[in-house]
Amino acid sequence: AGLAAGALALGGVVASGSPAGAAPTGTTGTAGAKGAALQAEAGDLLDVTLDQLRPTQPSVGFDQIYYKLGRYSSPKDEQNGDFNKRFDDWCETNGQEEAATVSPGAKLTDPSSFTCTVPVGQETDETRAAMKTVVIGPGGELYLTDGHHTLTSFLETPDGGPTTHIRLRVTGNLSGLSPAAFWQAMQEKKWVWLRDENNNPITTDQLPQRLGLARFHDDRYRSLVYFTRDIGYQAPADAAEYLEFLWGTWLRERVNLDAYDLDSPASYLTAIRAASEAMSGTAGDTVIADGRTADELGRMPEWNAGKKPTGGEFGKLSAPISDQKPGKLAYALDFRSRILAAPACTKTLTGKHTGPLVVSSGVLCLNGTRQTGPVVVAAGASLVAKGADITGPVQAVGAHTVQLCGTSLTGPLSVVNTKQRLTLSGAGCTPNTLNGPVHLVGNP
């Protein structure tokens, strides 16, 4: 049943913490994770919590994650006589194929509340191949090299979160290298993607420090490629690292997403069809990106496997949210429609900032900002913090809007009489880490 305490003693499994519901192993928390990681070898399975992982790409396709979150929060899987997809996804990612039983009220944070078809310790080469991967860096830091979308979905879903456990397959232990040598090796092995959501180059210092929608940028072409899966391409068994980003790089020159209304299912489907037809319609020996040809990246020689647009995977993708089995796109757009929009930024801070911040008017956005010092929001002003790290108190009295998502706050939080909205959780709002007293009064 999920991860049992005794399973951590099995060969090839390195415990970096105690799974939910398990007895303590003696190596819990960040220090335990790093200690276990330093001993890990390529091929080992490493038990981690999501908050211990460091991304190796700056962007994800938000709509791909919105599809998962929309489906995870829908009762339709159960109404169709199936388990909710999040349990199948967790079991597959954990090397255990799919869900076998799910108890009423089961949660991803409690693997004892559901079981998987392949017990721990009986994994096969096939089930291990479906697991996500991690590289051990200097100091035992854990660098996720595959699974950013899946694990972010687990982190964002209400019964998951930062402390959700999952096992990852170790692809390399580079902990003995200096930071500079580590990043050089990561680039040589193509274990890091150093291009932003607009395909512009970035440095390793610009990578997010943790998982979460609030910490990533949205790459619309990465979502587009996801929706073309099994329509224009199929991931080969020996898939290239960051396969979907390579296809996305090529599609940027061929499909202008600004020409489509991505809030409209019909217009979005038209974009997906144009992209997938371009993929399958190109010659197999065409170099797509990074020296890889279309065939090497899984090009399908027949669009939609030769089926009509009303059938095959494109037909499934086209099913509206009202259907008994909605398509992925319908789930994504339905979830996206439930996300509360933040007010437009009048000033944005990124990087490091030390000293007091006083928001006297307008909307201050802290995007991945590392703020050291107090933050005060005056009456009528607004604060939007996404993926920020704040050391110091945050105080707002009579503010227009206060929104904290994916933010780590070390210090007291006091928000009183917000006029428009206080947002600390909800659809699309990455869980926060609040280390200090919280005082919330009179907020809508």
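The values are calculated or read from the model by the stated rules, or taken from the named source; none is laboratory data. These numbers come from a predicted model, not from an experiment. Every residue, glycine as well, gets a Cβ built from its backbone with ideal geometry; the counts of neighbours run over all protein chains shown. Ligands, DNA and RNA are excluded from the accessible area calculation, which covers all protein heavy atoms including side chains. Shrake-Rupley method; radii C 1.70, N 1.55, O 1.52, S 1.80 Å.
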Please find, among Ile272, Ile202, the residue that is open to solvent by less than 40 Å² (accessible area, probe 1.4 Å) and either basic (Lys, Arg) or closer than 21 Å to Arg336 by Cβ (or both).
Ile272
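Sort out for me the strands (runs of 3 or more DSSP E) sitting completely within the stretch 264-355 that have 2 or more residues that are within 30 Å of Val375 (Cα to Cα).
Working: elements: 287-289, 347-349, 352-354.
By residue number, 347-349, 352-354.
Return the residue satisfying two criteria in turn: it lies in the stretch 303-355 and is at positive phi and in contact with a helix residue (DSSP H, G or I) (Cβ under 7 Å, 6 or more places away or on another chain), and of such residues it is surrounded by the fewest Cβ atoms within 10 Å (Cβ to Cβ).
Residues of the stretch 303-355 that are at positive phi, as a first pass: 304-306, 312, 351, 355.
Imposing the further condition that a residue be in contact with a helix residue (DSSP H, G or I) (Cβ under 7 Å, 6 or more places away or on another chain) reduces the set to 304-305, 312.
On the way: Asn304: 23, Ala305: 15, Gly312: 17.
Within the stretch 303-355, the match that is surrounded by the fewest Cβ atoms within 10 Å (Cβ to Cβ) is Ala305.
With out of contact with any Phe, Trp or Tyr (no Cβ under 6 Å at 6 or more places or on another chain), closer than 25 Å to Glu141 by Cβ and either surrounded by fewer than 21 Cβ atoms within 10 Å (Cβ to Cβ) or without any contact (Cβ under 8 Å) to a residue 60 or more places away in the chain (or both) as the only criterion, which of Ala237, Ala181 stands out? Walk me through it before giving the result.
Details: Ala237 fails: closer than 25 Å to Glu141 by Cβ.
Exactly one of Ala237, Ala181 is out of contact with any Phe, Trp or Tyr (no Cβ under 6 Å at 6 or more places or on another chain), closer than 25 Å to Glu141 by Cβ and either surrounded by fewer than 21 Cβ atoms within 10 Å (Cβ to Cβ) or without any contact (Cβ under 8 Å) to a residue 60 or more places away in the chain (or both), namely Ala181.
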In the stretch 401-409, is there at least one residue being part of a loop (DSSP other than H, G, I, E, B), more than 15 Å from Arg215 (Cα to Cα), modelled with pLDDT of 95 or more and over 24 Å from the mean Cα position of the chain (by Cα)?
no
Taking the stretch 67-86 on its own, how many of its residues are over 19 Å from Thr115 (Cβ atoms) and either open to solvent by 40 Å² or more (accessible area, probe 1.4 Å) or more than 15 Å from the chain's Cα centre (by Cα) (or both)?
7
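Across the stretch 214-236, what is the total count of residues that are touching a Cys at 6+ places or on another chain (Cβ under 8 Å) and closer than 9 Å to Glu197 by Cα? Before you say what the answer is, go through the steps one by one.
To start, the set of residues in the stretch 214-236 that are touching a Cys at 6+ places or on another chain (Cβ under 8 Å) comprises 214.
With closer than 9 Å to Glu197 by Cα added as a condition, the list becomes none.
Matching residues across the stretch 214-236 total 0.
Conditions (1) open to solvent by 10 Å² or more (accessible area, probe 1.4 Å); (2) touching a residue at least 60 places away in the same chain (Cβ under 8 Å), marked per residue:
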| residue | (1), (2) |
| --- | --- |
| Thr117 | yes, no |
| Ala130 | yes, no |
| Pro138 | yes, no |
| Glu141 | yes, yes |
| Phe154 | no, yes |
| Thr163 | yes, yes |
| Arg167 | no, yes |
| Leu174 | yes, no |
